[in-house]
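Here the structure is laid out as structure tokens; the discussion comes afterwards.
The values are calculated or read from the model by the stated rules, or taken from the named source; none is laboratory data. Source: prediction; values computed, not measured. Heads up, the Cβs are rebuilt from the backbone with ideal geometry, glycines too, and the neighbour counts pull from every protein chain shown. All accessible areas refer to the heavy atoms of the entire protein, side chains included, with ligands and DNA or RNA removed. Shrake-Rupley method; radii C 1.70, N 1.55, O 1.52, S 1.80 Å.
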Amino acid sequence: MPTHTIGQIAQRVKGSLVGPDHLTIHAVDQLNAAVEGCISFIRDNRHAKQWARSKATAALVSAGVELEPGAGRALVRVDDADVGLAVVLEMFSPPAPKPEGGVHPSATVDATARVGPDAAIGPGCVIGKGVTIGEGCVLHANVCVMDDAVVGPGCELFPGVVVYRLCELGSGVIVHANAVIGADGFGYRPAPDRSGLVKIPQIGTVKIGNDVEIGAGACIDRGKFSATVIGDGTKIDNLCHIAHNCRIGKGCVLAAQVGLSGSVVVGDGVAIGGQVGVADHFTVGDGAQLAAQAGVICDVPAGATWFGTPAHDLRATLREAVALRRLPDLIKTLKKTSTQDG
Amino acid sequence: MPTHTIGQIAQRVKGSLVGPDHLTIHAVDQLNAAVEGCISFIRDNRHAKQWARSKATAALVSAGVELEPGAGRALVRVDDADVGLAVVLEMFSPPAPKPEGGVHPSATVDATARVGPDAAIGPGCVIGKGVTIGEGCVLHANVCVMDDAVVGPGCELFPGVVVYRLCELGSGVIVHANAVIGADGFGYRPAPDRSGLVKIPQIGTVKIGNDVEIGAGACIDRGKFSATVIGDGTKIDNLCHIAHNCRIGKGCVLAAQVGLSGSVVVGDGVAIGGQVGVADHFTVGDGAQLAAQAGVICDVPAGATWFGTPAHDLRATLREAVALRRLPDLIKTLKKTSTQDG
Amino acid sequence: MPTHTIGQIAQRVKGSLVGPDHLTIHAVDQLNAAVEGCISFIRDNRHAKQWARSKATAALVSAGVELEPGAGRALVRVDDADVGLAVVLEMFSPPAPKPEGGVHPSATVDATARVGPDAAIGPGCVIGKGVTIGEGCVLHANVCVMDDAVVGPGCELFPGVVVYRLCELGSGVIVHANAVIGADGFGYRPAPDRSGLVKIPQIGTVKIGNDVEIGAGACIDRGKFSATVIGDGTKIDNLCHIAHNCRIGKGCVLAAQVGLSGSVVVGDGVAIGGQVGVADHFTVGDGAQLAAQAGVICDVPAGATWFGTPAHDLRATLREAVALRRLPDLIKTLKKTSTQDG
């Protein structure tokens, strides 16, 4: 990893340095795990108490935190230590090892596929008929892109990713290992003779916008008809399930293990917590926030913050949770009163 | 995609055509996304209002919906527009591109494996010792079938599927990308010296019936002993977890991210909503329905519809959810009354 | 599978045999599925009632269960039939078919990788630059270990496992099919011009201790900085999600589909039920137990047993669930009383 002086770091995060500017920093860690040469971060006065015991050489400190660096150590005052941390991590980020361009000899690329300039197709990849792989794409090992799919320029697909036929990824899309784009939606109808279930063909596709990131093991099903759509800049975490014909807007954040049922519509700038579920055909309005594990069974208004199953207003849900803890005693008291009354 | 006249479609869905029969239809979409040449579907009067604004050329209309097609457009009246839609999707379903039969040169097939006639083994597949792959099977790229497993005739395994040794799939089973059949069940016992956990051997297998479909990334563990069993015609969605020694009946539907703990027994014709969990050793009776996110910690009677955690009767759970929203105010009122009384 | 006499089995489980000692046992199954020659297990008097109807030849019986074997059958009395069962399963466990050592010709191993003696690298595996694969490791088909990762001695990685670069596995680690170790954590910051989200580099790694087992499809993200840590002897079930910078202690058990958000700290000997979620930065104390589907949004004290969302004490939560079922009627009664009063 690269090293930087704390003076260089302070300059980059546009912070105000308290302490010597020549201290050498070579890593980033939390206060309680940091060793000499590390920079850490302090977002509030509660964490500030750990500074004295920490072995960190320096720390980013949020506005409002009262703290002095002490001898031979430095603090960098910034508006928000978390935002500053992101910038520092960029400074320490090792250059991503880009695999050599070209097609690895162990890959199987159909003669009708088009592979753009500077694209790297890793060992064991399988590229089907009529596929397009854009300029500068990196497909790590054992990625499979099925017939007629399109992977836009500058995408990175990690090992084991599968893109089903006809699905389309925009530019700069990152897909982590073993994620699956475009498997059949889950649709059946009763057999006419009631003997069982008949599969409904899933003839749609998946259309993923630009600068989307999709987590490991996540599954985005193809549409029953037309397409399942993921908007530009949306980020989807590990093991999420996006069912057929969902339409997710731009700049959304879906934490791990979220499940969206068929034809759910999500607006722009929506934040969805881990393990949330949304029932089919409902809409989550622009800028709404769903707290972790919420179970949505109606439309969510734009800008709302919801929690619970069935989900509704977060504050109301928390108030109810507090009230519920008093319910057993309340029932006992009422019973006693009613017995006394009688 | 193929094209059809609306007259041909009306005939195939056994519907009654209102409007010209020669209109050409080339795609299927929702009312608000359809373009000229599309057929759409209208399941109730609420959606019927969108017909005037829609660009769809035709629509399937459920019984009871009041609507006229308007000039140059057509409606097809059917009992149930959703069932009709399934039939229409079949008409428009492009023929599945079947990979060429035979074993791709980059696949590794053990000399003792038996591969049936007309089976296609894709690039990068690995087929172990003593494996049987039935007639007409399609194994897409990078599928792995471990020693002594049996894949029945007419199965389709998408890229990255893993079948552990000794597991058995019936005929016509579809397994989507990166699903895992037969990983070890989750069983440990305390070490005699209490130094940690000792793995309990998982010596059972998985037996999957005919016409089962398993979603992308789903995991079905092998039995601790004997087998984990999935009945004929059961459909399991993406990212479900079926633990060791579960026994699922016929014609069940498990939505995405369901988790069944060890030795759960599920009857026939059971419908389980997304993200439901069932604790170990409990039974879900025939025809029962579990609403999304339910957490089951006792046996579920046949035919019951349950919801909530701990799950019980759906209607009772919803009534309680409504009552809970009134609880904070109720407590406030009672406190006031009690203060006045005192 | 091997066969044993019931006398041999009784000796191995240190149990007391009731009945003939020469009966031949060749398999293990539940009472209601067992056939002749099977040994079964009876953990309580409720299950003891099934013994008469069962076709099992013998059974392990927990202390306190009252039962006689009957003619030509045998019982083995032990303290705990479940613990005895684990020992019996070890007796019947077929020797794991170890693939031949060496590198399969279809694998791609970088020239700078070090592969230990007796290690087996299966077909289609891809081993990056600077990787270390320890002595006696088994990498089944299509496993991918990216640059500079370290796999300790005696590990077994099932097909499709992906280990991202720089991640480290201890000795004797088992990773089931399609699990992903070291994908990027889920971290973004708003673009300075508010045009969207900017990815925060995830420059940390994953460090997995010795004798850890990780289930199929599970995802363990790399740290934003330093490492995500899994302690010795911890067992993680299928489809779990462990976010960046989590620190899990020793000897923990995480059931399937658990989700831990970023920087969660889990002590030693913690048991977490299926589908539990823990919000970011909270701590779960040593020996704590979280019941299935719990949603944790504060620190959990050592030794506590919690349930529900928001999670708190299990018994209190169950008491509240019971009280909640009476709430709708309570509200009705209070309304009636209040009307009468008025």
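Only residues of the stretch C:67-109 count here: report those whose backbone N is under 12 Å from the spot 7 Å along Cα→Cβ of C:Q11, or say none. Label zone hits: none.
Volume per residue of the convex hull around the Cα atoms, evaluated for the stretch C:6-164, comes out as 144 Å³. The mean number of Cβ atoms from other chains found within 10 Å of a Cβ in peptide C:236-247 is 6, as a whole number. For B:G102, the label point sits 7 Å beyond Cα toward Cβ; its separations from the matching points on the remaining copies run 2.8, 2.9 nm, from shortest to longest. Here the protein assembly as shown carries DSSP beta bridges of which approximately 15% are antiparallel, counting only pairs with both residues inside.
Copy-to-copy label distances for A:S16, where each label lies 7 Å from Cα along Cα-to-Cβ, are 8.1, 8.1 nm in order of increasing length. Comparing A:A292, A:A316, A:A96 in a Gaussian network model of chain A, where Cα atoms under 10 Å apart are tied by springs, the biggest mean-square fluctuation is seen for A:A96. Among A:C167, A:C246, A:C38, the largest mean-square fluctuation in a Gaussian network model of chain A, built with springs joining Cα atoms closer than 10 Å, belongs to A:C38.
Mind checking the mean number of beta-carbon atoms from other chains within 10 Å of the Cβ atoms in A:126-135?
Numbers: counts 10, 2, 6, 2, 1, 0, 0, 0, 0, 0.
Going residue by residue through A:126-135 and averaging, the value is 2.
If a/c stays under 1.5 just call it rounded; otherwise compare a/b with b/c (prolate if a/b is bigger, oblate if not). Do that for the stretch C:187-342, with a ≥ b ≥ c from the square roots of the Cα gyration tensor eigenvalues. It would help to have the intermediate numbers written out before the result.
Working: a/c = 3.18, a/b = 1.69, b/c = 1.88.
Oblate, since a/c reaches 1.5 and b/c is not below a/b.
So what's the gap between the Cα centers of the stretch C:4-35 and the stretch C:72-111, to the nearest angstrom? So the separation of the two Cα centres works out to 19 Å. Taking 7 Å steps out from each Cα toward its Cβ at B:D82 and A:R53 produces label points 5.8 nm apart.
Each label was represented as a point 7 Å from its Cα along the Cα-to-Cβ direction; for B:K199 and B:D44 these points are 5.2 nm apart. Ligands, DNA and RNA aside, A:I297 has an accessible area near 80 Å² when probed at 1.4 Å. A 1.4 Å probe, protein heavy atoms only, puts the accessible area of A:T5 near 40 Å².
Name the trypsin sites (Lys or Arg not before Pro) in the stretch A:192-253 that are in a loop by DSSP and that have at most 14 other C-beta atoms within 10 Å, would you? Could you put the intermediate results ahead of the total?
Values: sites: A:R194, A:K199, A:K207, A:R222, A:K224, A:K235, A:R247, A:K250; in loops: A:R194, A:R222, A:K224, A:K250.
Hits after loop and neighbour filter: A:R194.
If you take all other residues with their beta carbon under 9 Å from the beta carbon of A:G251, and give Lys and Arg +1 and Asp and Glu -1, the sum is 0. Within the shell of other residues whose beta carbon sits under 12 angstrom from the beta carbon of A:A218, the net charge comes to -2, with Lys and Arg scored +1 and Asp and Glu -1. Per atom type, the protein assembly as shown shows carbon and sulfur on 53% of its accessible surface, probed at 1.4 Å. The three principal axes of the Cα atoms in the stretch B:125-264 give end-to-end lengths of 53, 33, 22 Å, sorted in falling order. What is the stretch A:4-92 by shape, rounded, prolate or oblate, if you read a ≥ b ≥ c off the alpha carbon gyration tensor as root eigenvalues and call it rounded for a/c under 1.5, prolate for a/b larger than b/c, and oblate otherwise? Rounded.
Taking a ≥ b ≥ c as the square roots of the eigenvalues of the Cα gyration tensor of the stretch C:130-172, is the shape rounded (a/c under 1.5), prolate (a/b larger than b/c) or oblate?
oblate
Beta bridges from DSSP with both residues in the stretch A:164-314: antiparallel share about 10 percent, rounded to the nearest 5. The three principal axes of the Cα atoms in chain C give end-to-end lengths of 85, 77, 29 Å, sorted in falling order. Over all Cα atoms in the protein assembly as shown, the spread is summed up by Rg and Dmax: 29.6, 89 Å. Equivalent-ellipsoid semi-axes for the stretch C:182-241 (Cα gyration tensor, √(5λ), whole Å, largest first): 29, 13, 6. The local environment of C:R73, defined by Cβ-Cβ distances under 13 Å, has a net charge of -1 under the rule Lys, Arg +1 and Asp, Glu -1.
The mean number of partner chain beta-carbon atoms within 10 angstrom of a residue's beta-carbon across peptide A:99-112 is 2. Among the trypsin sites (Lys or Arg not before Pro) in the stretch C:1-55, those placed in a DSSP loop whose Cβ has at most 16 other Cβ atoms within 10 Å are C:K14, C:K49, C:R53, C:K55.
Between A:A271 and A:L334, the simple label model (points 7 Å from Cα in the Cβ direction) yields a spacing of 3.7 nm.
Averaging the Cα positions of each part gives two centres, and for the stretch C:286-308 and the stretch A:150-167 these lie 39 Å apart.
Ranked by solvent-accessible area (1.4 Å probe, protein heavy atoms only, all chains present), the residues B:H281, A:H241 order from largest to smallest as B:H281, A:H241. A 1.4 Å probe run over the protein chains yields, for the protein assembly as shown, 39 Å² of accessible area per residue, whole-number rounding. Shortest first, C:R315 label-point distances to identical copies amount to 3.6, 3.6 nm, with the label point at 7 Å from Cα along Cα→Cβ.
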